[in-house]
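Below: the structure, in structure tokens.
No value in this document is a laboratory result; all are computed from the given coordinates. No experiment lies behind these values; they were computed from the predicted model shown. Don't worry about glycine lacking a Cβ; one is built from the backbone with ideal geometry, like all the others, and counts go over all protein chains shown.
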Amino acid sequence: MSGSTAQDNPNQPSRTPSFSWDRARAQLTDLGKGRINLAYEALDRHMDGPTADRTALRFLTRDSLVAEAISYRALNDRANRFANVLATLGVRPGERVYGLSQRIPDLYAAFFGAIKHGCVFTPLFPAFGPEPIRQRVEIGEPAVLVTTERLYRRKVADWVQGVPCLREVLLIGGVDEAPPGTRDAGTLMDEVSPDYATRPMDAGAPVLLHFTSGTTGTPKGALHVHEAVITHHVTGQYALDLRPGDVYWCTADPGWVTGTSYGMIAPLTNGTTLVVDEAEFDAERWYRILQDQAVSVWYTAPTAIRMLMRQGPELARAHDLSALRFLASVGEPLNPEAVHWGREVIGLPFHDNWWQTETGGIMIANRPDLAIRPGSMGQPIPGIEAAVARQGEDGIELIEEPDQTGELVLKKGWPSMFRGYLHQEERYRKCFDDDWYLTGDLARRDADGYFWFIGRTDDVIKSAGHLIGPFEVESALLEHPAVAEAGVIGVPDEVAGETVKAFVTLKPGHTADKALQKSLLGLARQRLGPAVAPRQIEFRDELPRTRSGKIMRRLLRARELGLPEGDLSTLEGGSNE
Ligand code: ATP
Ligand code: MG
């Protein structure tokens, strides 16, 4: 295993200056009159070649670490059957199909089957409580809900009568007794043909409706279109280093966009074998999976990495992780400590990358062809133009000089860009200024073109004339050996406007006392200077997090200041079961 992957890939795109989205789009299979289908690229396209008999998915159930293997051909057949079931039931292209299920094989078949049939798919987190599910159903008005018998009884049965748009509830994963108003999808799928002519769709026809993580407020429904698949495909290569034959594990749930773009689509368009684990995070289990499945590319999130770090290096070292070639992280800023830890303990550094539900795919990355800068999000992928901007008199002005903080903006025109917020046209319009998409995140670009995350515009702290990004303060605190996780907010202050307050969780074996508090404050002052260092540090057993693993700073702040808590539908452990 080599410590760096920077020089290993002579064919990387940055060395292909001719990259253009139009040329990339030309790789899509023309299904007639320029029409395409996202699912065709992931599945049908492989059917005449050697990939058809390769394992597409390896499923690990909660109770077993022995994988069930499903070939590309078998998955394609199963998806075709699902498409035929939809056709038989009179479901029309353009109608929405919601998925609410644990990570089981037929969720993947339903996903691709619905898309083959031209429907718009929306994945929901199975851990959502009944209320967030009902809300999202009311907003998106699906014609079909695909779920399991257990989830239906626990989370849907009580309110489903009041939702007339929902014509079909299809149960996957085996059914003991189908409740009234539902059908056993497995039986229906067995009865129909495994052949289905995947429907040709306009490149700009909707294919996915994704709700955002709700970190900053009520989740928004972002709409994506069929041609997004070309972004998934190329970023799978350019940012995650996916190659045919890789064993790839994406730990994100399909309930949020990483779990579909990179936990379903990109791995299959690229001909890899995708590992899917039904269970939740467990350090020992995760190392076992990396080892036993001989995972070569691993895509995970900072929260998970920090939880592994919390366990100490021994557990990692007790496993053979030598099959790994590339590690990547997304969702939140990756603290430099975590990058170094990867290098020291796993033998490979983590490559942080940045994107949003709205961008549909990875936009900025510590790409395989670049040297990593720990703490940075990396550089734009080929075809993406990113810049830092400030608000001027008439709209935004791009900041040319390096190392200035401003809003991160992206030039419009990449295929996986969202095409609307469902029912919120005005809000969508406000995301753009002429040719530029405004991300709502603050960043700076250094002289070499690397981007550094400062914070969300909503989270940034203004203290005595300084603009303080929580990430910078959190990263400094994480350098202390006792700190497992930190969440930083601004609290009002008469003199400074705001001052910094940090909430900290500790690694096992450390005591939350005055001495530790003092030592943390000392470290922060030394690292950040007194103007930026926290004034207060409070110890917590845990920090509030979204289901996609992001620290909810707005909730820390609301609770601290006694403000309304806002939308908590995506809070982990919040409206659970
Ligand atoms: P909402 O928009 O509902 O408040 P959200 O922004 O968390 O929720 P997502 O689209 O899931 O919803 O997350 C995208 C955001 O996550 C980015 O705008 C950014 O703030 C953060 N993010 C993602 N990856 C990174 C990263 N590598 N470094 C820093 N921040 C990141
Ligand atoms: Mg957002």
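Within segment 457-481, find all residues whose amide N lies under 17 Å from a label point positioned 7 Å from the Cα of E401 along Cα-to-beta-carbon.
467
Grab the other residues whose beta carbon is less than 13 angstrom from that of L528, score K and R as +1, D and E as -1, and report the net.
Within the 13 Å Cβ shell, the charges total 0.
Mind checking which lysines have their Cα closer than 22 Å to the Cα of K514? Skip sequence neighbours fewer than 8 apart in that chain.
Answer for K514, where 22 Å is the Cα cut-off: K501, listed by chain and number.
Could you pull out the trypsin sites (Lys or Arg not before Pro) across segment 432-535 that fall in loop regions by DSSP (anything but H, G, I, E, B) with no more than 16 other Cβ atoms inside 10 Å? Spell out each step's value before the answer.
Working: sites: R444, R445, R456, K462, K501, K514, K518, R525, R527, R535; in loops: R535.
Taking segment 432-535 and a limit of 16 other Cβ atoms within 10 Å, the loop trypsin sites (Lys or Arg not before Pro) found are R535.
Count the DSSP beta bridges whose two residues both fall in the chain, then state the antiparallel fraction as a percent rounded to the nearest 5.
In the chain, approximately 55 percent of DSSP beta bridges are antiparallel ones.
For each of Y248, Y152, count neighbouring Cβ atoms within 10 Å of the residue's Cβ, then give the residues from fewest to most.
Y152, Y248
Please list the helices of the chain that count as membrane-span-like by this rule: a mean Kyte-Doolittle hydropathy of at least 0.5 together with Cα atoms stretching 20 Å or more along the helix axis, each helix being a complete DSSP H run.
Helices meeting the criterion: none.
What net charge is computed for the residues neighbouring V345, neighbours being all others with C-beta under 10 Å from the C-beta of V345, Lys and Arg scored +1, Asp and Glu -1?
Within the 10 Å Cβ shell, the charges total 0.
For a paramagnetic label modelled at 7 Å from the Cα of A283 toward its Cβ, which residues of segment 536-577 fall within the zone defined by backbone nitrogen distances under 12 Å?
Backbone N within reach: none found.
Please state the shape class of segment 461-570: rounded when a/c is under 1.5, otherwise prolate if a/b exceeds b/c and oblate if not, all from the C-alpha gyration tensor.
It is oblate, given that a/c is not under 1.5 and a/b is not larger than b/c.
Run lengths n ≥ 4 of DSSP H only: what is the helix-derived mean residue ellipticity at 222 nm for the chain, with -39500 (n - 2.57) per run over all residues, to the nearest 500? List each step's numbers first, then the result.
Numbers: 17 runs with 144 residues, N = 577.
Only helices count here, giving -7000 deg cm²/dmol.
Let me check I've understood the local charge: for E485, count other residues with C-beta under 14 angstrom from its C-beta, Lys and Arg +1, Asp and Glu -1. What total comes out? Provide the component values of the computation, followed by the final result.
Working: positive: R306, R310, K507, R540, R545, K550, R553; negative: E332, E337, E474, E479, E538, D541, E542, E572.
Charge balance near E485 sits at -1.
How high is the relative contact order of segment 316-469, in percent, with contacts defined as C-alpha pairs under 8 Å that are six or more residues apart?
The normalised contact order for segment 316-469 reaches 17 percent.
Taking the Cα centre of each part, how many Å lie between segment 122-177 and segment 293-339?
Each part reduced to its Cα centre gives a spacing of 34 Å.
At Q135 and E393, where each label point lies 7 Å from the Cα along Cα→Cβ, what is the point-to-point distance in nanometres?
So the two model labels end up 4.3 nm from each other.
Give the order of V491, V85, V120 when sorted by the count of other beta carbons within 10 angstrom, beginning with the fewest.
Lowest to highest Cβ neighbour count: V491, V120, V85.
Using the structure shown, list the pairs from K220/K550; K33/K430; K155/K430; K462/K507; K33/K116; K220/K412 with a Cα-Cα distance above 25 Å, or answer none.
Table pairs above 25 Å Cα-Cα are K33/K430; K155/K430; K462/K507.
Among M307, M189, what is the fewest-to-most ranking by other Cβ atoms within 10 Å?
With the fewest neighbours first, M307, M189 line up as M307, M189.
In nm, to one decimal, how far is the modelled label at R559 from the one at S18, with both set 7 Å along Cα→Cβ?
About 5.6 nm separates the two model spin labels.
Using a simple spin-label model with points 7 Å from Cα along the Cα→Cβ vector, what separation in nm is obtained for Q536 and C165?
Here the modelled spin labels are 4.3 nm apart.
Pick out, in residue order, every one of the GluC sites (Glu not before Pro) in segment 198-291 that is DSSP loop and has at most 11 other C-beta atoms within 10 Å; say none if there are none.
Taking segment 198-291 and a limit of 11 other Cβ atoms within 10 Å, the loop GluC sites (Glu not before Pro) found are E280.
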